[in-house]
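Inspection log for the structure reproduced underneath, given as structure tokens.
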Amino acid sequence: MTARSTVEAVLDEFHAAAADADEERYVATLASGVVFLGTAPGERWAGDAFRAFVHSYFSRGNGWSYIPSGRSVDIAADGQTAWFDETVENAHYGACRGTGVLRYDGENWRIEQYNLTIPVPDALAADLVKQIRSATA
């Protein structure tokens, strides 16, 4: 397998394990110091805090489903780092964007950072920004 196809397989496993609420498989895709950024302003978890968050859901059989498509993967010249962006579809949030970084640790590619966002069409952005400012005032 090429580095790119291996990175894609890790990302596919990350999403499949989340949908199955399979904590062991999910955590196996993550670097020890992983940083996960969710859609809300305060959603930033790192390392053990993210694993504890995952455990709080998966241990009760509750996962989450984001179906990936439209993925782009780039590999650094040294072959040790990859970055990606992908569209992920969720029943509640619709089309979201996932971006992140993976690092090759000598044996496996692991997710170092994942950032989940909800893309906002430019035509809606000004009104949405007003709503966010109003809500946080």
(Q) Which one, H55, V129, G106, is farthest towards the positive end of the dipole of the chain when Lys and Arg carry +1 and Asp and Glu -1 on their Cβ? (A) V129
(Q) Using amide H atoms built in the peptide plane, which far-off residues or other-chain residues are under 5 Å from T29 H to H? (A) none
Q. Counting only protein heavy atoms, what percent of the accessible surface of the chain is carbon or sulfur at a 1.4 Å probe?
A. 52 percent
Q | Radius of gyration and maximum dimension Dmax of the range 55-135, Cα, Å | A | 16.4, 48
(Q) List the GluC sites (Glu not before Pro) within the range 53-137 that DSSP assigns to loop and that have no more than 16 neighbouring Cβ atoms inside 10 Å. (A) E107
Q) Can you give the convex hull volume of the alpha carbon atoms of the chain per residue, in Å³? A) 133 Å³
Q: Would you calculate the separation in nanometres between label points at M1 and K130, each defined as 7 Å from the Cα along the Cα-to-beta-carbon direction?
A: 4.9 nm
(Q) Projecting each Cα onto the charge dipole of the chain (Lys/Arg +1, Asp/Glu -1 at the beta carbon, about the Cα centre), which of C96, F14, L30 comes out farthest on the positive side? (A) C96
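The values are calculated or read from the model by the stated rules, or taken from the named source; none is laboratory data. Everything numeric here is computed off the predicted structure, so don't read it as measured data. Reconstructed Cβ throughout: ideal geometry from the backbone, glycine too, with neighbour counts over all protein chains shown. Side chains included, ligands, DNA and RNA excluded: accessible areas come from the protein's heavy atoms. Shrake-Rupley method; radii C 1.70, N 1.55, O 1.52, S 1.80 Å.
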